[in-house]
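For reference, the structure is listed below as structure tokens.
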Amino acid sequence: MRIHPQSLLRVWSLWVLLAGWSASAQSTGLEALEAFIKNTRSARMQFVQQVTSPPKDGQVARVRNSSGSLEFVRPSRFRFVFKKPLEQTIVADGQTLWLYDVELAQATARKQAQALGATPAALIASATDLRALEIDFELSNAANAEGQDWVLARPRAKEGALQTVRIGFKGASLATLEILDSFGQRSVMHFTQFESNPALENALFQFKPPAGVDVLRQ
């Protein structure tokens with residue numbers, strides 16, 4: 001059976017168009033991060049976290065699990081609540097960053113502008129655009145994996161507590177945050193029940209130390 005040259009041309013043209021469509025439809029991590037910063041002005045979500053400490057003296061690596069919630073309103077307010085196994089709350093109200101440890105009955109307050117800088121919270125909750133992030137981080141696309149678009153962030157300050165941060169997105173939703181610190185400890189957060197642009201009350205981001213709690217100001 002002979003195939004007419006024009007038919008071959010039409011098939012070839014269709015494949016070229018489909019190939020071009022597939023390439024353009026596949027987003028990159030940086031594109032996902034840019035869209036997330038631009039379109040997600042507030043968010044609410046749940047998370048589970050696994051922290052793995054490097055093995056010492058031939059011992060097996062230690063793994064700790066926790067869970068909690070995160071809310072934020074760009075560019076200056078967020079609230080991390082760790083519910084299990086140890087209760088801790090981290091609140092940023094735009095001026096002060098609070099860390100409250102229930103078990104220790106202790107709250108630490110720091111000036112927010114000095115405390116954020118090159119931190120994971122700045123990457124996901126405080127950034128206003130990529131250009132602002134690039135002051136503190138070297139940003140690059142990481143290979144897409146696990147159905148997610150990934151960004152690799154390296155702090156420009158080499159003497160800090162972080163080595164790398166990887167951020168994974170599923171479509172418009174924040175899905176994963178992987179943090180490797182300067183001691184070799186790895187923390188992985190998986191986010192679920194992601195809600196984009198909810199109306200969040202200002203009171204959510206206010207913290208008043210409970211009675212009897214020691215307050216340290218740095």
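Rule-based calculations on the coordinates, nothing more; no lab input. All values derive from a computational prediction rather than experimental measurement. Counting neighbours? That spans all protein chains shown, and the Cβs are built from the backbone with ideal geometry, glycine included.
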Response to the item:
Checked against a 23 Å limit on the C-alpha separation, the offending pairs among 38/170; 111/208; 83/158 are 83/158
Item to complete: Please give the helix 29-39 orientation as an angle from the longest Cα principal axis of the chain, in degrees from 0 to 90, rounded to the nearest 10.
Response: 60 degrees
Item to complete: Compute the relative contact order of the range 27-217 as a whole-number percentage, counting only Cα pairs closer than 8 Å that sit 6 or more residues apart in sequence.
Response: 26 percent
Worksheet entry | Backbone HN-Hα couplings from phi across the range 45-57 [Karplus 6.51/-1.76/1.60, Hz, Gly and Pro as x] | 7, 10, 8, 10, 10, 10, 10, 10, 8, x, x, 10, 6
Discussion item. Please state the shape class of the range 82-126: rounded when a/c is under 1.5, otherwise prolate if a/b exceeds b/c and oblate if not, all from the C-alpha gyration tensor.
Written reply: oblate
Worksheet item: Under a point spin-label approximation (7 Å from Cα along Cα-to-Cβ), what is the residue 134-residue 161 distance to one decimal in nm?
Response: 2.8 nm
Fill in: Gain in span if fully extended, residue 35 to residue 144, counting 0.36 nm per residue against the direct Cα distance
37.6 nm
Response to the item:
The longest stretch of the chain containing none of the GluC sites (Glu not before Pro) that sit in a DSSP loop with at most 16 other Cβ atoms within 10 Å is 1-86
Fill in: Size of charge dipole - the chain - debye, nearest 20, with Cβ of Lys, Arg +1 and Asp, Glu -1, no other charges
260 debye
Discussion item. Between 0 and 90 degrees, rounded to the nearest ten: what's the tilt of helix 5-25 against the longest Cα principal axis of the chain?
Written reply: 10 degrees
Fill in: Rounded to whole Hz, the Karplus (6.51, -1.76, 1.60) HN-Hα couplings of the range 123-134, x for glycine and proline
5, 9, 10, 10, 5, 9, 6, 5, 4, 5, 5, 6
Response to the item:
The answer for residue 96, listing residues at least 5 apart or on another chain whose modeled amide H is closer than 5 Å to its amide H, is 112
Response to the item:
residue 195 and residue 111 label points (each 7 Å along its Cα→Cβ direction) are spaced in nm at 3.5 nm
Worksheet entry | Selected from 68, 168, 160 as most flexible by GNM, with the chain as the system and alpha-carbon contacts under 10 Å | 160
Fill in: Rounded to whole Hz, the Karplus (6.51, -1.76, 1.60) HN-Hα couplings of the range 176-181, x for glycine and proline
9, 10, 10, 10, 10, 9
Practice prompt. Using just the alpha carbons, could you tell me how many Å³ per residue the convex hull of the chain encloses?
Written response: 191 Å³
